[in-house]
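Student: So that we are looking at the same thing, I have put the structure below in structure tokens.
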Amino acid sequence: MSATQRIKRLAIAGLAAGAVQSLAVLVPGVANYHFWLSGTLILLLTTLNVVSLKSSAKVQNVLTLAKVVGIGGLVGGALVLGHASSANLAPPSTPIVTAGLLGAIGICITKALWAYDGWVNLGF
């Protein structure tokens, strides 16, 4: 197995684990089955993609629409409710524990690499 294949598998596993971790916030009991649900999600989406690309594209479109509607709901809710206060912009009263500048740079680089992960696959 080449290094590129290993990286792709790790990226897929990371995305599945992140999806299940987000689900665990909404459904607390899910956290106990994190490993199994991540694997099941990978298997389910891979099977769907192998069986029918059209169905897979429809699922992707529905999930993208759900994200857009969710972001729109947050922005719309903030505008409609309008309970903004300048106190929200004040620094926290307790100090935030951080990993320093190097840790912040590492987090930013990680997010950028995840965002541009698709560009790695163009050559294939």
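The values are calculated or read from the model by the stated rules, or taken from the named source; none is laboratory data. Model, not experiment: these values are computed from the prediction. Remember, those area values only see protein heavy atoms, side chains included, never the ligands or the DNA or RNA. Shrake-Rupley method; radii C 1.70, N 1.55, O 1.52, S 1.80 Å.
Student: Multiplying the sequence separation of L23 and M1 by 0.36 nm and subtracting their Cα-Cα distance, what value in nm do you get?
Tutor: Residue separation times 0.36 nm, minus the Cα-Cα distance, leaves 4.8 nm.
Student: Please enumerate, by chain and number, the lysines with C-alpha under 23 Å from the C-alpha of K67, excluding those fewer than 8 residues away in the same chain.
Tutor: Correct list for K67: K54, K58, K111.
Student: While we're looking at this one, here's another question. Keeping all protein chains in place, calculate the accessible area per residue for region 56-107 (probe 1.4 angstrom), answer in Å².
Tutor: On a per-residue basis, 88 Å².
Student: Still on this structure: Using the Kirkwood radius over C-alpha pairs as Rh, can you work out the diffusion coefficient of region 1-102 via Stokes-Einstein at 25 °C, viscosity 0.890 mPa s, in µm² per second?
Tutor: For the chosen part, D equals 139 µm²/s.
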